[in-house]
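Have a look at the structure below, then the notes.
The values are calculated or read from the model by the stated rules, or taken from the named source; none is laboratory data. Everything quoted here is computed from the prediction, not taken from an experiment. Every residue, glycine among them, receives a Cβ derived from its backbone with ideal geometry; neighbour counts consider all protein chains shown. Areas reflect the complete protein model, heavy atoms only, side chains present, ligands, DNA and RNA absent. Shrake-Rupley method; radii C 1.70, N 1.55, O 1.52, S 1.80 Å.
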Amino acid sequence: MNIVKRDIEDDIEEYLKSDGIKTLFIWGPRRSGKTTLIDNLAKKLKVTKYNFDLASDRDKFQPRRDILEKIASENKVILIDEVQNYPASTVMLKLLHDEFKKKVIATGSSELRQKTGQEFDTMAGRFNEIYCLPLSISEIVNNESPKSSEMTEFTKKMVINSQIWGMYPEVYSSSSILSESKRIDLLQKILDTYILKDVVDIYELKNQKLAKDILTKIALQLGSEVSLNEIAKSLNAYPATVSNYIEIFIKNYILIPMPSFKTNMRRAVSENRKLYFYDLGIRNALIQDFRDLDLRQDKGGVFENFVIIELEKLRRITNTKINFYFYREYGGKEIDIVIEDYKKNYITVEVKSKTGRVQDIFPIKNRTEVITTQNYYEKIKSLNWD
């Protein structure tokens, strides 16, 4: 499959047509398609793409009027890739907005915000942000365009492939041309080269092995609450160190946190979070397990992770103001997902392989949904946050 169109391309086109001059940040993990998007834009608009992976391109952006004026005059839109590699660029982005009234599209990790601290705060009111994540189920269907008579079989295959191989564009699109062994090698390369190495380098972490070991421990606890103390003890590390690494993984689109829903009612319990992966191919690479799902004891947790990934993509792509939680009582009864909107409306979701129902234990008025491997596509697409 060759992905032709990403959902966020409509947002980019709308931005280009608008009169606004706010910088448009496109955040997302490495290898999620950001560079492809910006390369295509550079060709379409016939402008230069500046790649901040390259020192030579970073050097072109200096806080001098003559330098920035030249860049502004030569490009109707300024395109920057991997902007997080040059935290000081926020000064130039602010000047390009304020002094030269120039549109800028910049891709990278949201880590730019963390790296620049208060300096990024000076960009307030001068930017919008969208997300380029691994492929969503709607993007796959929109690009493949299966016939209505083929949808049942198509979505069945899609959910199986996504749970085993994940949704990174180059992995998904290579399924028909690469052997399973080659796809495993590709996922391992993404994990070791682009995920772990990038995170270790950006944060100047001391121990890449510890980073991988922490992720592996979390991968083996999929669907369960994660105890920092237990992970730290098993790896002979400090809980604060483990906590710091996990927060870095969350900021860099490796892990999705799922906190426990709290009310003032005493029967809800949990101090720990659940942690899920943004991509299940990466998770499976960590534990070196690419077997058919029917052969695996973790298939329930894997499908639950799949659903949460798609809900998270939907939330970010549509910029919907919602929160996700799980809910558990002291007695052990649990609801897989609680969706809360900004008006405190609630949808409780039970994730099941085939059939099931939502337990009637949530203490607040709510709507219930059951998502299965048979109905997941229509259910996720039809979820109404309002």
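Would you say SER138 is within 16 Å of the chain's Cα centre (by Cα) and either in contact (Cβ under 8 Å) with a residue 60 or more places away in the chain or outside any loop (DSSP other than H, G, I, E, B) (or both)? It would help to see each step written out before you state the result.
Details: within 16 Å of the chain's Cα centre (by Cα): yes; either in contact (Cβ under 8 Å) with a residue 60 or more places away in the chain or outside any loop (DSSP other than H, G, I, E, B) (or both): yes.
For SER138, the condition - within 16 Å of the chain's Cα centre (by Cα) and either in contact (Cβ under 8 Å) with a residue 60 or more places away in the chain or outside any loop (DSSP other than H, G, I, E, B) (or both) - is met.
Might you let me know whether segment 365-379 holds any residue that is part of a helix (DSSP H, G or I) and surrounded by fewer than 18 Cβ atoms within 10 Å (Cβ to Cβ)?
Yes - at least one qualifying residue is present in segment 365-379.
Grab the helices (runs of 4 or more DSSP H) fully contained in segment 1-100, keeping just those with 3 or more residues being open to solvent by 10 Å² or more (accessible area, probe 1.4 Å) and farther than 27 Å from ARG316 by Cα.
Ranges flagged: 55-58, 65-74.
Within the group ASP289, ASP294, ASP279, ASP298, which residue is crowded, with 23+ Cβ neighbours inside 10 Å and among the charged types (D, E, K, R)?
On the way: ASP289 fails: crowded, with 23+ Cβ neighbours inside 10 Å; ASP294 fails: crowded, with 23+ Cβ neighbours inside 10 Å; ASP298 fails: crowded, with 23+ Cβ neighbours inside 10 Å.
That would be ASP279, the only listed residue that is crowded, with 23+ Cβ neighbours inside 10 Å and among the charged types (D, E, K, R).
Give segment 202-216 a look and list any residue that's under 20 Å from the mean Cα position of the chain (by Cα) and of a type outside the set (S, T, N, Q), or say none.
ILE202, TYR203, ALA211, LYS212, ILE214, LEU215
Name every residue in segment 332-368 that is of a type outside the set (S, T, N, Q), in contact (Cβ under 8 Å) with a residue 40 or more places away in the chain and farther than 16 Å from PRO259 by Cα, in order of residue number.
VAL351, PRO363, ILE364
Within segment 260-271, can one find any residue that is buried (at least 17 other Cβ atoms within 10 Å of the Cβ), assigned by the TED database to the domain that holds ARG183 and at pLDDT 95 or above? If you could, list the steps in order and put the result at the bottom.
To start, the set of residues in segment 260-271 that are buried (at least 17 other Cβ atoms within 10 Å of the Cβ) comprises 260-261, 268, 270.
Now narrow it down to the ones that are assigned by the TED database to the domain that holds ARG183: 260-261, 268, 270.
With at pLDDT 95 or above added as a condition, the list becomes none.
There is no residue in segment 260-271 that is buried (at least 17 other Cβ atoms within 10 Å of the Cβ), assigned by the TED database to the domain that holds ARG183 and at pLDDT 95 or above.
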